[in-house]
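Report on the following structure.
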Amino acid sequence: MISEAKEAHAATSERELCRLFEVSRSWYYERPSLEEKAQRDIELRDAIERIVLDFPGYRRGTKVLYRRGWSANHKRVLRLMRQESLLCQIKRRFRSTTDSSHSLKRYPNLIEDLGIDGPDLVWLSDITYVRLPQSFCYLASIIDDFSRYCVGWTPSKLSTRS
């Protein structure tokens, strides 16, 4: 910011610019250049690449870097790991929760071609299973299709697991 102002107003001294921007001159002279920052990022990235196989994840990597004498917070480590694609790629199994290949009757969609242009014309309902620490219950809800507003809901009585 001060460097850009110095280029635009060459006649103004650095002391005056620091006073205008309300920063101390020691801060202005002490801050690292972009090249120094880039060099430190390269060194840190190399250190991250060396430890990422033994300690996956940016949180664990940050702790190991701290133990090895680096001073970098977790956000900087995460940014560098994202740039270099060093983050863990978690593979999750797909679990199908719907069995569509059954012999039961299938009902047609009655509102498929209906132009819904206002609230309270079509209500949708659904039921879901809610797991609680010591039991479970079902939750039934009614939603307005136009506004996606929950018109009403009710839980079932609590059931114990067996």
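Being part of a loop (DSSP other than H, G, I, E, B), of a type in the set (A, V, I, L, M), in contact (Cβ under 8 Å) with a residue 24 or more places away in the chain and over 21 Å from ARG40 (Cα atoms) is a property that holds for LEU121.
Within the range 124-162, being exposed (fewer than 12 other Cβ atoms within 10 Å of the Cβ), small (Gly, Ala, Ser) and assigned to a strand (DSSP E or B) holds for SER125, GLY152, SER159.
Listed here are the residues, each with its yes/no results for (1) in contact with a Phe, Trp or Tyr (Cβ under 8 Å, 6 or more places away or on another chain); (2) outside the structural domain of LEU86 (by TED's automatic domain parsing); (3) within 18 Å of SER85 (Cβ to Cβ).
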| residue | (1), (2), (3) |
| --- | --- |
| THR12 | no, yes, no |
| CYS18 | yes, yes, no |
| PHE21 | no, yes, no |
| ILE48 | no, no, yes |
| TYR66 | no, no, no |
| ASN73 | no, no, no |
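Among the residues that make up the range 77-100, is at least one of them of a type in the set (Gly, Ala, Ser) and surrounded by 12 or more Cβ atoms within 10 Å (Cβ to Cβ)? No, the range 77-100 contains no residue that is of a type in the set (Gly, Ala, Ser) and surrounded by 12 or more Cβ atoms within 10 Å (Cβ to Cβ). Within the range 22-46, residues that are closer than 19 Å to TRP70 by Cα have Cβ atoms under 8 Å from residues that are of a type in the set (A, V, I, L, M) in these pairs: ASP41/LEU80; LEU44/LEU65; LEU44/ALA72; LEU44/VAL77; LEU44/LEU80; ARG45/LEU80, counting only partners at least 6 apart in sequence or on another chain. When GLU30, GLU14, GLU35 are checked against the criterion of being acidic (Asp, Glu) and surrounded by 12 or more Cβ atoms within 10 Å (Cβ to Cβ), a single residue qualifies: GLU14. As for the range 107-124, it holds at least one residue that is outside the structural domain of PRO56 (by TED's automatic domain parsing), at pLDDT below 90 and polar (S, T, N, Q). In the range 38-53 there is at least one residue that is outside any helix (DSSP H, G or I) and either at positive phi or exposed (fewer than 14 other Cβ atoms within 10 Å of the Cβ) (or both).
The values are calculated or read from the model by the stated rules, or taken from the named source; none is laboratory data. Owing to the predicted nature of the structure, the values given are computational and were not obtained by experimental measurement. Neighbour counts are summed over all protein chains in view; Cβ atoms, including those assigned to glycine, are modelled from backbone coordinates with ideal geometry.
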